[in-house]
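Enquirer: Provided herewith is a single structure, encoded as structure tokens, for subsequent inquiry.
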Amino acid sequence: MQSEQLDEERGPVRSGPFRPGDRVQLTDPKGRHFSLVLERGQSYHTHRGAIDHDKLIGAPEGSVVLSAANTPYLALRPLLPDYVLAMPRGAQVIYPKDAAQIVMWGDVFPGARVLEAGAGSGALTCSLLRAVGPTGHVRSYEIRADHAEHAVTNVERFYGERPENWDLRVGDLADHDTGETADRIVLDMLAPWEVLPVVRDTLVPGGVLVGYVATTTQLSTLTEALREQACWTEPQVWESMVRPWHAVGLAVRPEHRMIAHTAFLLTARRLADGVTPPRVQRRPSRG
Ligand SMILES: C[S@@+](CC[C@H](N)C(=O)[O-])C[C@H]1O[C@@H](n2cnc3c(N)ncnc32)[C@H](O)[C@@H]1O
């Protein structure tokens, strides 16, 4: 792994002129992306000729660099969504549109203690770590060792090193020690209802549970299991659809393609022990 230059306060440097160690995303005239890590004296070989890293080092972000065949490439540091969409994966990742919903409706705040399962490819973990900040903590469980390896590689590559406030455990969330309480819990796994006993006993009163499931049958099983536990507010369920638009001159219209379905989102809040869940007639909107 090539390490990125680290800033003591913020992890890898994410602004200012390009420096050795920076990850750079090049975009060619057809909009294709290529990713490289800058190293003095090295070249990046494209099908339109080589690009010297030294042409980029010291240049401002947003510069255009020419390849040996005079093809222009736009150079920017990848944003977290760019990184997530390009990351190598074992398990399917949570897409940026859903990660944003999870952080907002899961109310993942700076300083929060978050418990997550499964870590999968580590995509959501990157967003959770950013949201809790240096004073918070993310504890991730991943039952499959091969998926955990992807998570470690992806998180370390994004942050430039293993974040001190991240704890990845290779194992079943069901075996979690409930004495290690959490303010927020996010479940992205096949059968989240199976771990609800440990989730109930780990989440603090008022804490938020976020569930992320791909099918309606999983959604039904999860919501009914939560109601049966009788220690939750009424589950809120929704999905997010983002429709990109083509906007050039007067040709302003929706793009022909979109990511239509990823998964359903669910939130519920932990009630204090001994409280009977109130019946809610009308649900607040998730707009
Ligand atoms: C869809 S992936 C998670 C993707 C991840 N959220 C991301 O954004 O990269 C689901 C993961 O849950 C893991 N898993 C399933 N059951 C689990 C359990 N009981 N405890 C821990 N991990 C579990 C699976 O091995 C799988 O890697």
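Enquirer: Which one, Val114, Gln92, Ala251, is farthest towards the positive end of the dipole of segment 82-270 when Lys and Arg carry +1 and Asp and Glu -1 on their Cβ?
Expert: The residue sitting most towards the positive pole is Ala251.
Enquirer: Just how large is the dipole of segment 88-155 about the Cα centre, in debye to the nearest 20, putting +1 at every Lys and Arg Cβ and -1 at every Asp and Glu Cβ?
Expert: 100
Enquirer: Give the residue from Pro197, Met241, Ala214 lying farthest towards the positive end of the charge dipole for segment 180-260; charges sit on Cβ (+1 for Lys and Arg, -1 for Asp and Glu) and the dipole is referred to the Cα centre.
Expert: Met241
Enquirer: Then there is this: Could you check which residue among Ala214, Ala68, Ala145 shows the biggest mean-square fluctuation in a GNM of the chain with a 10 Å Cα cutoff?
Expert: Looking only at Ala214, Ala68, Ala145, the biggest GNM fluctuation is shown by Ala68.
Enquirer: Taking K and R as +1 and D and E as -1, what net charge do the other residues with C-beta under 14 Å from the C-beta of Val210 add up to? Provide the component values of the computation, followed by the final result.
Expert: Details: positive: Arg184, Arg269, Arg270, Arg286; negative: Asp98, Asp107, Glu116, Asp183, Asp188, Glu239.
Computed value for this residue: -2.
Enquirer: Also, quick follow-up: In the chain, what percentage of the DSSP-assigned beta bridges are antiparallel, given to the nearest 5? List each step's numbers first, then the result.
Expert: Values: 32 of 51 bridges.
Restricted to the chain, the bridges split so that about 65 percent are antiparallel.
Enquirer: Right, another one. For the chain, what is the charge dipole size about the Cα centre, in debye to the nearest 20, if Lys and Arg each add +1 at the Cβ and Asp and Glu each add -1 at the Cβ?
Expert: On the way: 31 positive and 35 negative charges, 248 e Å.
Here the chain has a charge dipole of around 1180 debye.
Enquirer: What share of all Cα pairs of segment 160-287, in percent, falls into each consecutive 5 Å distance bin?
Expert: 2, 9, 16, 18, 16, 12, 9, 7, 5, 3, 2, 1, 0
Enquirer: Towards the positive end of the charge dipole of the chain, with charges on Cβ (+1 Lys, Arg; -1 Asp, Glu), say which of Gly160, Ala68, Tyr141 has the farthest Cα.
Expert: Toward the positive end, the furthest listed residue is Ala68.
Enquirer: Solvent-accessible area per residue for the chain at a 1.4 Å probe radius, Å²?
Expert: On the way: 14880 Å² over 287 residues.
Result: 52 Å² per residue.
Enquirer: With +1 on the Cβ of every Lys and Arg and -1 on the Cβ of every Asp and Glu, and nothing else charged, how large is the dipole of segment 48-98 about its Cα centre, in debye rounded to the nearest 20?
Expert: The dipole of segment 48-98 has a size of about 140 debye.
Enquirer: Picking from Pro60, Pro197, Pro244, which is most flexible by a Gaussian network model of the chain using Cα springs under 10 Å?
Expert: Of Pro60, Pro197, Pro244, the most mobile in the Gaussian network model is Pro244.
Enquirer: Could I ask something else about it? Work through the residues other than Thr221 whose Cβ is under 14 Å from its Cβ and net out their charges, Lys, Arg +1 and Asp, Glu -1. Show your work: numbers first, answer last.
Expert: Working: positive: Arg227; negative: Glu194, Glu224, Glu228.
With Lys, Arg at +1 and Asp, Glu at -1, the net is -2.
Enquirer: Sorted from largest down, what three extents in whole angstroms do the Cα atoms of segment 203-265 have along their principal axes?
Expert: Sorted from largest, the Cα extents of segment 203-265 read 55, 26, 14 Å.
Enquirer: A follow-up question, please. Looking at the chain as a GNM with Cα springs under 10 Å, which of Val108, Val199, Val248 has the largest mean-square fluctuation?
Expert: Answer for the Gaussian network model of the chain: Val248.
Enquirer: Express as a percent, rounded to the nearest 5, the fraction of DSSP beta bridges in segment 10-158 (both residues included) that run antiparallel. Please report the intermediate quantities before stating the final value.
Expert: Working: 16 of 21 bridges.
Of the beta bridges lying entirely in segment 10-158, close to 75 percent run antiparallel.
Enquirer: Let me ask another. From zero up to wherever the largest Cα-Cα distance of the chain sits, split into 10 Å bins and tell me the percent of pairs in each.
Expert: Result returned by the calculation: 6, 25, 29, 22, 12, 5, 1, 0.
Enquirer: Within the accessible area of the chain, what % is carbon and sulfur when the probe is 1.4 Å and the other protein chains stay in place? Don't jump to the answer; show the numbers that get you there.
Expert: Values: 7950 of 14880 Å².
Its accessible area is 53 percent carbon and sulfur atoms.
Enquirer: How big is segment 45-117 in terms of Cα radius of gyration and Dmax, in angstroms?
Expert: Cα only, segment 45-117: 18.2, 51 Å (Rg, Dmax).
Enquirer: Test of understanding: express the Cα radius of gyration of segment 17-76 as a ratio to 2.2 N^0.38 Å, with N the residue count.
Expert: Values: Rg = 10.1 Å, N = 60, 2.2 N^0.38 = 10.4 Å.
In units of the globular-protein estimate, segment 17-76 measures up at 0.97.
Enquirer: Any chance you could check the Cα centroid distance between segment 74-105 and segment 143-159 for me, in angstrom?
Expert: Computed from Cα coordinates, the inter-centre distance equals 14 Å.
Enquirer: I've got another one for you. Distance between Cα centroids, segment 194-256 to segment 26-61: provide it in whole Å.
Expert: Using only Cα atoms, the two centres lie 39 Å from each other.
Enquirer: Can you work out ³J(HN,Hα) from phi for every residue in segment 193-202, in order, using Karplus 6.51 cos²θ - 1.76 cosθ + 1.60 and θ = phi - 60°, giving whole Hz and x for Gly and Pro?
Expert: 5, 5, 9, 4, x, 6, 5, 4, 7, 9
Enquirer: How far is it, in nm, from the label point at Glu234 to the one at Asp201 when both lie 7 Å from their Cα along the line to the Cβ?
Expert: It is 3.0 nm.
The values are calculated or read from the model by the stated rules, or taken from the named source; none is laboratory data. For clarity, every value in this text was computed on a predicted model and none was experimentally measured. Backbone-built Cβ (ideal geometry, glycine too); neighbour counts: all protein chains shown. Heads up: the accessible areas ignore ligands, DNA and RNA and are worked out on the full protein's heavy atoms, side chains in. Shrake-Rupley method; radii C 1.70, N 1.55, O 1.52, S 1.80 Å.
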